[in-house]
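The block underneath contains the structure these notes are about, expressed in structure tokens.
The values are calculated or read from the model by the stated rules, or taken from the named source; none is laboratory data. Values in this document were obtained by computation on a predicted structure and should not be read as measured data. For neighbour counting, all protein chains shown are included, and Cβ atoms are generated from backbone atoms with ideal geometry for every residue, glycine included. What goes into the accessible areas is simple: the full protein's heavy atoms, side chains included, and nothing from ligands, DNA or RNA. Shrake-Rupley method; radii C 1.70, N 1.55, O 1.52, S 1.80 Å.
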Amino acid sequence: HNEQLERMLLKYQQCPFIEEVLIINNNKAGFKSFVEEKVRTIGLGFNIYVIPSWRLGIAFAKTEKIVLANDDMFIEVDLNDLFAQISELNLKGKIIGASPHCYRSQGLNDCGLQIVKSKSVKFTHGFGVFMIVNKKDYEETKIPKEMKVWYGDMLLYEYLTPYYFEGCEIVTDFMGTSKRISLFGVAAKEKALYLETKRK
């Protein structure tokens, strides 16, 4: 998603909290090569899917605090404000993602940016679009290597203490890959893996 990624790269470039941006190249056909300060592109140009991409990014990352971000979304908020608030938290043992209230194009409540440990808002599909986590915490979370597309964010959410941020709008096209009919069988297998891992 070159257009959305390019817009987000500009925000990443201007944010002093971000030391580098790793782009996992999952798309040989039509991938734009970004020559930008802070940006490194890794990957062989074929789709290894989202969870292996997270794992690859974590392995290559230079920093202890990591943002795992989809390439097809744009965050309508000053990233400096977001990361300034997050930096005040001890991130060890925690995972921070977007509140479900962030994902809508109209009628967003202008409540200001807040970081909340929410017990009232349960996990939704939006959490994995933009997550902040310690590198070591991610590495110690038991996400099976067989998982490619689904349930990795849910395992992170369950193994670590979840926090939400809200008060900003995230524009994204959910399920760009995972809605393909050819992957429906994969979804069933990964759900079984998730339930088995969750019980351990």
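Filter the stretch 143-186 down to the residues that are acidic (Asp, Glu) and modelled with pLDDT under 90 and list them by number.
158, 166, 169, 173
Pick from 39, 50, 35, 77: which is more than 24 Å from residue 150 (Cα to Cα) and in contact with a Gly (Cβ under 8 Å, 6 or more places away or on another chain)?
77
So, in the stretch 11-31, how many residues would count as being open to solvent by 100 Å² or more (accessible area, probe 1.4 Å) and not acidic (Asp, Glu)?
4
What strands (runs of 3 or more DSSP E) completely inside the stretch 17-69 contain at least 2 residues that are at pLDDT 95 or above and at negative phi?
Result: 21-24, 65-69.
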